[in-house]
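Chemist: The structure under discussion is supplied below as structure tokens; questions concerning it will follow.
Read-outs throughout are calculated quantities, based only on the coordinates presented, and are distinct from any laboratory measurement. Worth saying up front: this structure is predicted, and the values here are computed from it rather than measured. Cβ placement follows ideal geometry from the backbone for every residue including glycine, while neighbour counts extend to all protein chains displayed.
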Protein chains: 2
Amino acid sequence: MASIIQLANDLKLSKGTVSRILNDATAPYNAKTRHRVLTRAAEMGYHPNPVARALATGRTDTVALWTRHLQNFYQSWVINSLSRQTAAGSFNLLIRLYGQYGPTISSPASDSVARPFVLSDSVDGVITHGVPPDEWLARFRGGSRPVPIVVTGGVPSPEIPDFVGLELCTAARAAVEHLVGMGLRRIALFALPNPEDRRNQAYISVMEAAGLPQECIPLREGTRTETRRQFREYVTACGHPEAVFCHNDDTAIAVYRALCDLGLRVPDDVALVGCDGIEDTEFLPVPITTIVQPVEEMSRIAWEFLQRRLQEPDAPPQQHVLEARLEIRASSQK
Amino acid sequence: MASIIQLANDLKLSKGTVSRILNDATAPYNAKTRHRVLTRAAEMGYHPNPVARALATGRTDTVALWTRHLQNFYQSWVINSLSRQTAAGSFNLLIRLYGQYGPTISSPASDSVARPFVLSDSVDGVITHGVPPDEWLARFRGGSRPVPIVVTGGVPSPEIPDFVGLELCTAARAAVEHLVGMGLRRIALFALPNPEDRRNQAYISVMEAAGLPQECIPLREGTRTETRRQFREYVTACGHPEAVFCHNDDTAIAVYRALCDLGLRVPDDVALVGCDGIEDTEFLPVPITTIVQPVEEMSRIAWEFLQRRLQEPDAPPQQHVLEARLEIRASSQK
DNA sequence: TATAAATCTGCAACCGGTTTTATAAAACCG
DNA sequence: CGGTTTTATAAAACCGGTTGCAGATTTATA
């Protein structure tokens, strides 16, 4: 209800004076006046309008997180972890999910001049998880000045200076080599058919090096229940591999369940490896071998990078790559 | 880079003219001029500054979701579901988590006039999951006008007209009665010690009616791993109950794992009931009986309510209560 | 005591839009 | 052809803050 103008009128001061007293503790003002302003502001329950302030200062104290839909727990982990960081810095977190199921805006098609889907100007910075496609990058740039972006996960892109990488390559190779080392021959990959994906690359490369036949099962995106059914159908049709390297832990859990459905044992009949390191993998009767991603550390560093960039727009590029770690559990040990 | 002023100068028009042409398709303007403006705007990649627009119109096209930390999957489910709704309506979603672990702002203590933690004015409306405590309610109200709030979950509050309830009472009673009906006597409650909680109330009431001794194990908030340890220690100290009614599915899964650790079988030694209906409960070797919450429907209705309220601030109170549903699975069947 | 410096406060411009009001030109009409 | 209406655009007020600059006091210094 109370604007700074009303507060100023009430105090018989100009709004500039009031603003400075409220914002700048070091401004040269009469202690008595200062006290009057502060107490009256508190009495009237005055809070500056964040929108007006943002327009005047050019800062919104809001950062956007741009990530995939929350269909699996890994994404939740990322959001949770990042929201802790931003909250600690008194920033708001704006969530923009892409690639969701159901009614949604997965591409900027629904754009118009009147209702732009642009994040620039309404946020001070953006943290993405995964590298945004070019069409989206443009959206971060449509504003009056470029919005600082910190990309997490994925692989570095030349366009974006600030980057926290999650390097799966070594761990993924280690995972496949681990399966090969167990003496298994029919080792399948159950993953989204994306040639860019480091896991897929690692699988192909290690299998080639070992001279083993590749068996790539194209994962269809969906809920665990859907994945479970998909894998069950695959096994019914093609028989079961001796090991499955899964795109992520959710997939691995679905596969585990599908194997149970079929009366197959893990790891005796089929060895299993997932990826992400979500807590669930420990909570199955056979804990699942997984590639643990350092999400907490990633979030912390991403937030540090963004804060630095906000303070010093011309700071040198900030890049850090975190190594994922293979954690071998019962699902891949005989 | 381009503001409406630059665009207007470029076109040798006043900014008011440009604004109206871009926003109001019915405004009486020369077709030629209109076309000039639209094409030039597209060429220059003009997008109105959302902050400036928000200040002028009083609308931000942003809603806030105020919910608990994302430590369990149920919360993710809620966020995911709601974000789909808001995205479909071209609204931004601002996330404000409370009660987080780690560095965070769990109470408005860190408040100051300069950096207010107020959501009013920066969002058009708020959806909460759970009823916000009074100290927080004030924060939604500190702005120039009251922010519409739709409360989901929990129980109705007289203060807030718009409400989508999740009624656990019937299902929770049914769950405990189900356990009693199995002939079990030592039925424990493993939940946060909150007398307001419907689950806890249902447990107490049914146990009293059945003349059975109550055994309330106070759940400490934490990760599944921590809960697992806590329950293991409890059983070591006090022996195991014949059944456990858990605060939520995450707890139930942790308990399940703790029981496995101890060599106890579900449901033969201990029957298990969870609450929420998250997908994970189906993915254990013994699917867990749970109380399924209609989250998708809740989100849909909450968003409908909020949209209605934004359009008609004086519409009559909107209330709807959804019933949760007990789904009996293997963990509580002999 | 005159003057310079420091302290305090008001005024006005500005951020980038929207919206109301005013005015000029064109069209219409008797 | 003069007056009224319609059309097309400009000008200005406003949203609610921040901030640079200037003026008025007060204090310090010579």
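Chemist: Tally time: how many residues in segment A:1-53 are part of a helix (DSSP H, G or I), in contact (Cβ under 8 Å) with a residue 12 or more places away in the chain and facing chain B (nearest Cβ under 8 Å)?
Modeler: So the count comes out to 3.
Chemist: When B:T57 is evaluated against the numbered criteria (1) facing chain A (nearest Cβ under 9 Å); (2) within 16 Å of DNA strand C (Cβ to nearest atom), which criterion, by number, is the only one it fails?
Modeler: (1)
Chemist: Can I ask one more? Going through A:V286, A:V244, A:V255 one at a time, which residue ends up being in contact with a strand residue (DSSP E or B) (Cβ under 9 Å, 6 or more places away or on another chain), among the β-branched types (V, I, T) and more than 13 Å from chain B (Cβ to nearest Cβ)? Explain how you work it out, then say what you get.
Modeler: Values: A:V286 fails: more than 13 Å from chain B (Cβ to nearest Cβ); A:V255 fails: more than 13 Å from chain B (Cβ to nearest Cβ).
From the options A:V286, A:V244, A:V255, the qualifying one is A:V244.
Chemist: So which strands (runs of 3 or more DSSP E) are wholly in segment B:219-334 and hold at least 1 residues that are charged (D, E, K, R) and in contact (Cβ under 8 Å) with a residue 60 or more places away in the chain?
Modeler: On the way: elements: B:243-246, B:271-273, B:290-292, B:319-323, B:325-327.
Once the strands (runs of 3 or more DSSP E) in segment B:219-334 are filtered for at least 1 residues that are charged (D, E, K, R) and in contact (Cβ under 8 Å) with a residue 60 or more places away in the chain, what remains is B:319-323, B:325-327.
Chemist: Let me ask something additional. Given the conditions (1) over 23 Å from A:C260 (Cβ atoms); (2) more than 26 Å from the chain's Cα centre (by Cα); (3) surrounded by 17 or more Cβ atoms within 10 Å (Cβ to Cβ), and given that B:L326 satisfies all but one, which numbered condition is not satisfied?
Modeler: (2) is the only condition that B:L326 fails.
Chemist: For A:V206, are the conditions met, namely being in contact with a His (Cβ under 9 Å, 6 or more places away or on another chain), of a type in the set (V, I, T) and not in a loop (DSSP other than H, G, I, E, B)?
Modeler: Details: in contact with a His (Cβ under 9 Å, 6 or more places away or on another chain): no; of a type in the set (V, I, T): yes; not in a loop (DSSP other than H, G, I, E, B): yes.
It is false that A:V206 is in contact with a His (Cβ under 9 Å, 6 or more places away or on another chain), of a type in the set (V, I, T) and not in a loop (DSSP other than H, G, I, E, B).
Chemist: Considering each residue of segment A:14-43, count those that are over 39 Å from the mean Cα position of the chain (by Cα), surrounded by fewer than 18 Cβ atoms within 10 Å (Cβ to Cβ) and within 11 Å of DNA strand D (Cβ to nearest atom), and give that number.
Modeler: 7
Chemist: Right, here's the next one. Whether any residue in segment A:63-77 is in contact (Cβ under 8 Å) with a residue 40 or more places away in the chain, surrounded by 20 or more Cβ atoms within 10 Å (Cβ to Cβ), within 13 Å of DNA strand D (Cβ to nearest atom) and not polar (S, T, N, Q) is what I want to check.
Modeler: The answer is no; no qualifying residue exists.
Chemist: Next up: Output the residues belonging to segment A:1-36 that are under 20 Å from A:V51 (Cα atoms) and away from DNA strand C (no atom under 11 Å from the Cβ).
Modeler: Within segment A:1-36, A:M1, A:A2, A:S3, A:Q6, A:L7, A:L22, A:N23 qualify.
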